[in-house]
Amino acid sequence: MFSDAQKLAYVAQSPVLCAAHDRAGWVGLFASDGQINDPIGSKPHDGRAAIERFYDTFIAPNQLSFDVEHDIVNGMTVVRDLHINTVMSTGVRISVPMHIRYVLCEEQGQLRIHRLYAHWELNAMLRQQYATLKGIWTSFLLTPRLLKYQGLSGVMGFMQGTKGVHEGGKKTAVDYIAASPKFAGMTPGKTLAAGNWVSITLRKGAARGVGVFRFDSGPGQVSEAQLFV
């Protein structure tokens, strides 16, 4: 059995290894059948080779730092409420509000990340990047890298993250919180729509949590609601 402190310390290695550009260490955090959904709604990266390509595409050329606002450990899931700050190779700076769900597993007696679900809004990030000529130029420079490591199908799969339930799903999720006894007394804060999911920072007095809502049939109806506190 692993303690909550051990689980949190395990996932907390991720930003440290990213900052150090330790490719082997970061990839090694994942189970042999690990999967990355980043952003959730885009094409998943399945298995060790795909996770290595993810690192080479999105982490290796950038400087990343995590501003973590709150952590939650719930069973074998760790949820981090944070912003990720990226300095790209051209000096362009982007700050992305995010919720990350790490679903952990045990492999050969050790903790590993089985699934990573990053809830953040690709459209909002692209608007930040394209707001300046330098950002547009950065996108132009990064396209060959995307194609090299992800291929055309991978680039198209990444851009699937621009689709989803958007503002309609956010409104439905907030209304669901107001009407559901499960979320009684909770006030919604940071609200993100990624793919067919909405994640919301929740507060109730001094307590803080994250609600995660799945939409299987469009933005008008919640299919599943999870609460992490």
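Derivation of every value follows stated rules applied to the coordinates shown; laboratory data play no part. Predicted model only: the values in this text are computed from it and were never measured. In this analysis, Cβ positions are derived from the backbone assuming ideal geometry, glycine residues included, and neighbour counts consider all displayed protein chains.
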Problem - Net lengthening on full extension, Asp67/Arg53 (0.36 nm per residue, minus Cα-Cα) - result: 2.6 nm
Fill in the blank from the handout: To the nearest 0.05, the calculated FRET efficiency linking Ala124 and Ser32 through their beta-carbon distance, R0 being 41 Å, is 0.75
Exercise for the section: Let me have the relative contact order for the chain, percent, based on Cα pairs under 8 Å that are six or more residues apart. Expected result: 18
Practice task
Please name whichever of Ala49, Asn62, Gly109 sits farthest to the positive end of the charge dipole of the chain, dipole taken about the Cα centre and charges placed at Cβ: Lys and Arg +1, Asp and Glu -1.
Solution key: Asn62
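Looking at the chain only, what percent of DSSP beta bridges run antiparallel? Nearest 5 please.
90
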Handout entry: Orientation-averaged projected area, Cα convex hull of the chain (nm²)
Key = 12.7
Problem - Structure-based [θ]222 nm, the chain - -39500 (n - 2.57) summed over DSSP H runs of at least 4, per residue, nearest 500 - result: -10000 deg cm²/dmol
Fill in the blank from the handout: The size of the Cβ-based charge dipole (Lys, Arg +1; Asp, Glu -1) of the chain about the Cα centre, to the nearest 20 debye, is 440
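How much of the calculated P(r) for segment 166-228 lies past 15 Å, in percent of all Cα pairs?
40
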Exercise for the section: Count the lysine pairs in segment 76-229 whose Cα atoms lie under 30 Å apart, taking only pairs 8 or more positions apart in sequence or on different chains. Expected result: 16
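In the chain, which whole DSSP H runs stretch at least 18 Å along their own axis (Cα) and average -0.5 or higher on the Kyte-Doolittle scale?
133-159, 166-179
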